[in-house]
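To keep things clear, I will list the structure first and then write my remarks on it.
The values are calculated or read from the model by the stated rules, or taken from the named source; none is laboratory data. Source: prediction; values computed, not measured. Backbone-built Cβ (ideal geometry, glycine too); neighbour counts: all protein chains shown. Surface areas here come from the heavy atoms of the whole protein model, side chains and all, with no ligands, DNA or RNA. Shrake-Rupley method; radii C 1.70, N 1.55, O 1.52, S 1.80 Å.
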Amino acid sequence: LSIFIILIMVTLSVLAVKKFPTARIFLEKIFLKLPLFGRLYQAFFVSHILKSVGTLISSETNLVEALEITISAVPSVLFKRALENAKEKISHGSQLSLALSSEAGLFPKISLNLLSIGERTGSLPAVCEQIANIYNGQFESDIETASKMIEPALMIALGLSVGFIAISIITPIYEITSNVRR
């Protein structure tokens, strides 16, 4: 019965996330605050966004159009809204680093500082690519760390399940053999 209730709750949560963007934003904000997974989530999207923007700018696309294209490619509602707000600010004359800095900690300060330097020096596409490569490397490193952290827990769970199966098989055999002797 409890498994059935959990399945219903998970199903309703998934439907709520798909139906209501505010529910998805709430869930994404919670996910960003998780210790290791928040860093993974942020590194993945920062890398993805800046790689797209850098590539588009280097191919002679203006920044507003590059952000529009990137917005359509980003699956995160939270980052999508941040990029839409940044696009609006940039269309009114703001710099990319300043427009992204107003987005409540979604983009790390170091990446915003590097973007600012890239804007001042005129090498924004190259800086975007470099930042994307840094966060892509961080993402891969964090994935490796997470897998190393999960590995012992999986080994313990596997050992417990094998032990449970062994006891489940041996106990009836023991009971049958003890009844046969009487």
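Given the residues Ala146, Ala157, Ala132, which is the only one that is over 25 Å from Leu100 (Cα atoms), under 15 Å from the mean Cα position of the chain (by Cα) and surrounded by 10 or more Cβ atoms within 10 Å (Cβ to Cβ)? Don't jump to the end; show me each part of the working.
Working: Ala157 fails: under 15 Å from the mean Cα position of the chain (by Cα); Ala132 fails: over 25 Å from Leu100 (Cα atoms).
Being over 25 Å from Leu100 (Cα atoms), under 15 Å from the mean Cα position of the chain (by Cα) and surrounded by 10 or more Cβ atoms within 10 Å (Cβ to Cβ) holds for just one of Ala146, Ala157, Ala132, which is Ala146.
What are the residues in the stretch 43-62 that are within 19 Å of Gln130 (Cβ to Cβ) and either acidic (Asp, Glu) or open to solvent by 40 Å² or more (accessible area, probe 1.4 Å) (or both), if any?
Phe44, His48, Lys51, Thr55, Ser58, Ser59
Looking at this structure, is Ala86 over 30 Å from Glu144 (Cβ atoms), surrounded by 17 or more Cβ atoms within 10 Å (Cβ to Cβ), more than 21 Å from the chain's Cα centre (by Cα) and among the small types (Gly, Ala, Ser)?
No; evaluated as a whole, the condition is false for this residue.
Any idea which of Glu129, Glu84 is among the charged types (D, E, K, R), in a helix (DSSP H, G or I) and more than 17 Å from Val64 (Cα to Cα)?
Glu129
What number of residues within the stretch 18-48 are without any contact (Cβ under 8 Å) to a residue 40 or more places away in the chain, closer than 27 Å to Thr145 by Cβ and β-branched (Val, Ile, Thr)?
1
Applying the selection to the stretch 115-150, what residues are of a type in the set (Gly, Ala, Ser) and in contact (Cβ under 8 Å) with a residue 24 or more places away in the chain?
Answer for the stretch 115-150, where residues must be of a type in the set (Gly, Ala, Ser) and in contact (Cβ under 8 Å) with a residue 24 or more places away in the chain: Ala126, Ala132, Ala146.
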